[in-house]
Amino acid sequence: RIPKERGEEIKAAVIRCGLDGVLEGVEACYMQKAPSPMKKVEDCRKGFMAMGIISDYTWDDTCYDFSKFCLMTDENSRMDELKKEIGRDMEIIDRGNGFYECVPRGHSKATAIDQVLKHCGISLEDAYVFGDSSNDLDMIKAAGHGVIMGHHDPVLEPYAEYITDTVENDGLYKAMEHYGLI
């Protein structure tokens, strides 16, 4: 979790630099109280509300923790300025089209894979990971067998051992069959 004081600094910097987005906590997601001028943020709000994961608490409240956050930009956003303000302790993953995922440095999907493997006593060479987005890059690079889905961010291709079909076309099944796992 991002320490409360740092979380408040991050929220202020995001607003000051003209971005908007979603703070993601263990219990729920948190958004600004006022509707966003960015359509993609409001689309996100509608989708998350339909799933029941948006909290009644907003960015104005300080009674919750969050672990990561996603940001959206528009023509008025100053992303370079924000990177200077939060980049020292946050990994900023460019997901494309003005969408960024931000996680504390040292807490990537690769870190999680490492912890799971150690807990289960599995070697990295025996790990198979599946991804499709730029936020999967560290995980794909770290695992013994990096598999990317049919619809994927091209940034993953140089690190993929295998490219499978889409999820909708049984890509997971096809990849596991390819490796002789099933």
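The values are calculated or read from the model by the stated rules, or taken from the named source; none is laboratory data. For clarity, every value in this text was computed on a predicted model and none was experimentally measured. In this analysis, Cβ positions are derived from the backbone assuming ideal geometry, glycine residues included, and neighbour counts consider all displayed protein chains. In case anyone asks, the SASA skips ligands and DNA or RNA and just uses the protein heavy atoms, side chains included. Shrake-Rupley method; radii C 1.70, N 1.55, O 1.52, S 1.80 Å.
How tilted is helix 4-16 with respect to the longest principal axis of the chain? Cα atoms for both, answer in degrees (0 to 90, nearest 10).
Compared with the principal axis, the helix lies near 70 degrees.
Answer rounded, prolate or oblate for the chain, using the Cα gyration tensor with square roots of eigenvalues a ≥ b ≥ c: rounded when a/c is under 1.5, else prolate when a/b is larger than b/c, else oblate.
Here the chain falls in the prolate category.
Which of the three applies to segment 1-66, rounded, prolate or oblate, going by the alpha-carbon gyration tensor with a ≥ b ≥ c and a/c under 1.5 meaning rounded?
Because a/c hits 1.5 or more and a/b fails to exceed b/c, segment 1-66 counts as oblate.
With axes computed from alpha carbons, what is the tilt in degrees of helix 39-51 against the longest principal axis of the chain, rounded to the nearest 10 within 0 to 90?
Compared with the principal axis, the helix lies near 70 degrees.
To check you understand DSSP bridge types, tell me what percent of the beta bridges within segment 57-182 (both residues inside) are antiparallel, rounded to 5. Don't jump to the answer; show the numbers that get you there.
Values: 10 of 16 bridges.
Here the share of antiparallel DSSP bridges comes out near 60 percent.
Given an 8 Å cut-off on Cα distances and at least 6 residues of separation, report the relative contact order of the chain as a percent.
After rounding, I find 15 percent.
When the chain is fully extended, how far beyond the present Cα-Cα distance does MET79 get from ALA12, taking 0.36 nm per residue of separation?
Difference between extended and current length: 22.7 nm.
Determine, for each peptide in 69-82, 52-65, the mean count of other beta carbons within 10 angstrom over its residues, then list the peptides with the highest first.
Details: 69-82: 16.9, 52-65: 13.4.
Taking the mean over residues of other Cβ atoms within 10 Å, the ranking is 69-82, 52-65.
Taking amide H positions as placed in the peptide plane 1.01 Å from N, state which residues far from ARG95 in sequence (5 or more) or on other chains have amide H under 5 Å from it.
Answer set, sorted by chain and number: TYR100, GLU101.
Place +1 on the Cβ of every Lys and Arg and -1 on the Cβ of every Asp and Glu in segment 74-182, take the dipole about the Cα centre, and give the residue among VAL155, PRO104, ASN76 whose Cα lies farthest towards its positive end.
PRO104
Working from Cα positions, state the angle (0 to 90°, nearest 10) between the long axis of helix 109-120 and the longest principal axis of the chain.
Long axis of 109-120 versus the principal axis of the chain: about 50 degrees.
Using the crude model of +1 on Lys and Arg Cβ and -1 on Asp and Glu Cβ, and no other charge, please compute the dipole size for segment 39-129 relative to its Cα centre, in debye to 20.
The calculation lands at about 120 debye.
What number comes out for accessible area per residue over segment 108-163 if the probe is 1.4 Å? Units Å², please.
Counting only protein heavy atoms, the per-residue value for segment 108-163 is 55 Å².
Using the per-residue mean of other Cβ atoms lying within 10 Å as a proxy for protection, in what order, highest first, do the peptides 142-153, 162-173 fall?
142-153, 162-173
In whole Hz, what ³J(HN,Hα) sequence does segment 154-168 give by Karplus (6.51, -1.76, 1.60; θ = phi - 60°), x for Gly and Pro?
After applying 6.51 cos²θ - 1.76 cosθ + 1.60, I find x, 4, 7, 4, x, 10, 7, 7, 8, 10, 9, 7, 6, 4, 5 Hz.
Pop out the carbon and sulfur fraction of the accessible area of the chain as a percent, whole number, probe 1.4 Å. Display every interim value, and only then the final one.
Values: 5410 of 10340 Å².
Its accessible area is 52 percent carbon and sulfur atoms.
For a quick protection proxy, order the peptides 123-135, 21-33 by their average other-Cβ count within 10 Å, most packed first.
Ranked from most to least packed, the peptides come out as 21-33, 123-135.
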